[in-house]
1. LEU55 is checked against (1) out of contact with any Cys (no Cβ under 8 Å at 6 or more places or on another chain); (2) without any contact (Cβ under 8 Å) to a residue 60 or more places away in the chain; (3) on the phi < 0 side of the Ramachandran plot and fails just one. What number does that condition carry?
2. With respect to ASN98, determine if the residue is within 18 Å of TRP129 (Cβ to Cβ), of a type outside the set (Ser, Thr, Tyr) and either crowded, with 20+ Cβ neighbours inside 10 Å or out of contact with any helix residue (DSSP H, G or I) (no Cβ under 9 Å at 6 or more places or on another chain) (or both).
3. For residues in the stretch 19-35 being in a strand (DSSP E or B) and in contact with a Lys or Arg (Cβ under 7 Å, 6 or more places away or on another chain), which is nearest to LEU91 (Cα to Cα)?
4. Just one of (1) within 12 Å of the chain's Cα centre (by Cα); (2) within 21 Å of GLU40 (Cα to Cα) trips up TRP71, so point out which.
5. State all residues of the stretch 1-32 that are closer than 22 Å to GLU103 by Cα and not β-branched (Val, Ile, Thr); if no residue qualifies, say none.
6. Answer yes or no: is there a residue in the stretch 88-108 that is more than 20 Å from LEU11 (Cβ to Cβ) and touching a residue at least 24 places away in the same chain (Cβ under 8 Å).
7. So, in the stretch 83-129, exactly how many residues are hydrophobic (A, V, I, L, M, F, W, C) and over 13 Å from the mean Cα position of the chain (by Cα)?
8. Which condition does ALA126 not pass, out of (1) surrounded by fewer than 18 Cβ atoms within 10 Å (Cβ to Cβ); (2) at pLDDT 95 or above; (3) more than 22 Å from ASP8 (Cα to Cα), if it passes all the others?
Amino acid sequence: MEEVYFKDDCLTLYYNRQHQTVRAVWNGFLSGETLRQAIEQCTRLLDEEKPLYWLADNRKMKAIRQKDQEWIQAYLVPKIVASSLRKMATLVSEDIFNRMAIENLFVRAHDQIKFDHQYFKNEKEATQWLDEKYSMMSQWQ
């Protein structure tokens with residue numbers, strides 16, 4: 001069962017303990033301290049619950065300033081690289097500048113990220129992909 005882990009005007013974090021799945025629903029333009037506080041809630045959830053799967057619903061999220069992108073790269077990327085995540089699905093934003101910023105972050109972190117990541121426009125397809133077994137490799141570990 002999905003429960004609300006955190007909620008404010010910009011971000012709602014849902015967590016399903018049984019399936020070890022997070023759904024992060026972003027809303028609007030976030031910058032500076034507001035963005036940092038929201039991302040710190042995400043990293044707190046990563047640290048406390050050790051989820052395996054993450055759905056980033058960015059459809060209503062707006063552009064991310066360059067300065068904030070740099071902070072995300074320095075602060076968040078090392079945390080998600082070291083996290084328990086096995087798969088992340090991103091529902092792409094309606095805002096072209098947000099899409100470009102998020103894609104750029106993943107491109108720059110590509111060599112570090114050890115989990116599967118895919119972009120989706122459709123929530124049903126994203127959740128179906130997350131529900132699939134992690135990989136054939138996981139059967140051998």
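1. (2)
2. no
3. The initial filter retains those residues of the stretch 19-35 that are in a strand (DSSP E or B), namely 21-28.
Keeping just the survivors that are in contact with a Lys or Arg (Cβ under 7 Å, 6 or more places away or on another chain) gives 26-28.
Numbers: TRP26: 10, ASN27: 12, GLY28: 15 Å.
Out of the qualifying residues, it is TRP26.
4. (1)
5. Selection gives CYS10, LEU11, LEU13, ARG23, ALA24, TRP26, ASN27, GLY28, PHE29, LEU30, SER31, GLY32.
6. Scanning the stretch 88-108 turns up at least one residue that is more than 20 Å from LEU11 (Cβ to Cβ) and touching a residue at least 24 places away in the same chain (Cβ under 8 Å).
7. The number of residues fulfilling the criteria is 7.
8. (1)
The values are calculated or read from the model by the stated rules, or taken from the named source; none is laboratory data. Keep in mind the model is a prediction, meaning the values are calculated, not measured. Because the Cβ atoms are built from the backbone with ideal geometry, glycine has one as well, and the counts that use them run over all protein chains shown.
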